[in-house]
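> First the structure, then my questions, so here it is.
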Amino acid sequence: MQLEDYFHGLTYNDGIWHASGIEKISYPLDANNSYYEIEDQSFWFRNRNQIIYEAIKKYSISGPIFDVGGGNGFVSDNLNELGFDVVLVEPGIYGCLNGRERGLRNIVNTNFDNTHFYPNSIPNVGIFDVLEHIENQHQFLKTIHTNMIPDGRLFITVPAIKTLWSEEDNYAGHYRRYRIKELCKIIDDNGFEMLYTSYFYSFLVIPIYIFRAIPSKIGFYKISSQKSKRQHFSNQNTNKLLEMFMKFELNIIKKGKSILTGSSIILVTRKK
């Protein structure tokens, strides 16, 4: 894979392609380093990787996958190990450095825009828990559409259900949470058509509502980077229960069926 076939105007230094004038995004400055410490042990990150893999295995087309806003490369690294060619595109330098530490070789430190990427060149794009951080989501999706080849595939995960909004969302720099129906309309309005969509993490909806959303609404929920990190860990018995629920959901998704509710959404689309 020749990365220069997909972008221009970047400089290469010590394993990373760099752009100048990178725009800031709505994301905590210390988040990449904080999550880098926990991703491999986190139930949430590990099982989301399984869902992403199933979608990409079934729906991706020939060519590399551009993991846009891919943070520390946790998804990219997993897909690489499973045999896919992946390019990590990340505007945060710490995420790029952590991706390099993981052993990734195709890393681009830039925003995903029309300044550096060739139009109609990219076959597969993943934006995994990225869209909710983008204030102008329509412009972002239009940019992705411009840079993708005809029939290119776009893979998306986002947080779901507005009533689950909490201080966690504020801390993470989210602009919104989604319902599938409204997300499908946004996607359709920007030149994509649906191939598959489903909620997931249905078993987390009630706990998030009770222990995050309600306390946040009445001002009792306080968040910090350490508290956010701790919530990704659980005891051995809880882990066994979570894994049992996750196995059930994963089997549904493998069959191409959809889950009716959940704290997250996965969506697969193609460029019209």
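> Given (1) in contact with a strand residue (DSSP E or B) (Cβ under 8 Å, 6 or more places away or on another chain); (2) more than 26 Å from Glu193 (Cβ to Cβ); (3) surrounded by fewer than 24 Cβ atoms within 10 Å (Cβ to Cβ); (4) in contact (Cβ under 8 Å) with a residue 40 or more places away in the chain, where does Ser121 come up short, assuming only one miss?
Among (1) in contact with a strand residue (DSSP E or B) (Cβ under 8 Å, 6 or more places away or on another chain); (2) more than 26 Å from Glu193 (Cβ to Cβ); (3) surrounded by fewer than 24 Cβ atoms within 10 Å (Cβ to Cβ); (4) in contact (Cβ under 8 Å) with a residue 40 or more places away in the chain, the lone unmet condition for Ser121 is (2).
> Given Asp5, Asp85, which one is among the charged types (D, E, K, R), farther than 25 Å from His174 by Cα and touching a strand residue (DSSP E or B) at 6+ places or on another chain (Cβ under 8 Å)?
Asp85
> Exactly one of (1) among the small types (Gly, Ala, Ser); (2) surrounded by fewer than 16 Cβ atoms within 10 Å (Cβ to Cβ); (3) within 16 Å of the chain's Cα centre (by Cα) is unmet by Gly70. Its number?
Condition not satisfied by Gly70: (2).
Rundown of residues vs (1) surrounded by 22 or more Cβ atoms within 10 Å (Cβ to Cβ); (2) closer than 18 Å to Leu10 by Cα; (3) over 13 Å from the mean Cα position of the chain (by Cα), yes/no style:
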{"site": "Arg46", "(1), (2), (3)": "no, no, no"}
{"site": "Ser60", "(1), (2), (3)": "no, no, yes"}
{"site": "Leu82", "(1), (2), (3)": "no, no, yes"}
{"site": "Arg100", "(1), (2), (3)": "no, yes, yes"}
{"site": "Asn109", "(1), (2), (3)": "yes, yes, yes"}
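> Looking at the stretch 199-241 only, could you name the residues that are closer than 19 Å to Phe45 by Cβ, at pLDDT 90 or above, in a helix (DSSP H, G or I) and not small (Gly, Ala, Ser)?
Of everything in the stretch 199-241, those that are closer than 19 Å to Phe45 by Cβ, at pLDDT 90 or above, in a helix (DSSP H, G or I) and not small (Gly, Ala, Ser) turn out to be Phe203, Leu204, Val205, Pro207, Ile208, Arg212.
> Any chance the stretch 169-189 includes a residue that's at negative phi, assigned to a loop (DSSP other than H, G, I, E, B) and more than 18 Å from the chain's Cα centre (by Cα)?
Among the residues of the stretch 169-189, not one is at negative phi, assigned to a loop (DSSP other than H, G, I, E, B) and more than 18 Å from the chain's Cα centre (by Cα), which makes the answer no.
> Which of the residues belonging to the stretch 136-168 are of a type in the set (Val, Ile, Thr) and under 18 Å from the mean Cα position of the chain (by Cα)?
Scanning the stretch 136-168 gives Thr143, Ile144, Ile156, Thr157, Val158, Ile161.
The values are calculated or read from the model by the stated rules, or taken from the named source; none is laboratory data. The structure presented is a predicted model; accordingly, all values stated were derived computationally and were not measured. Because the Cβ atoms are built from the backbone with ideal geometry, glycine has one as well, and the counts that use them run over all protein chains shown.
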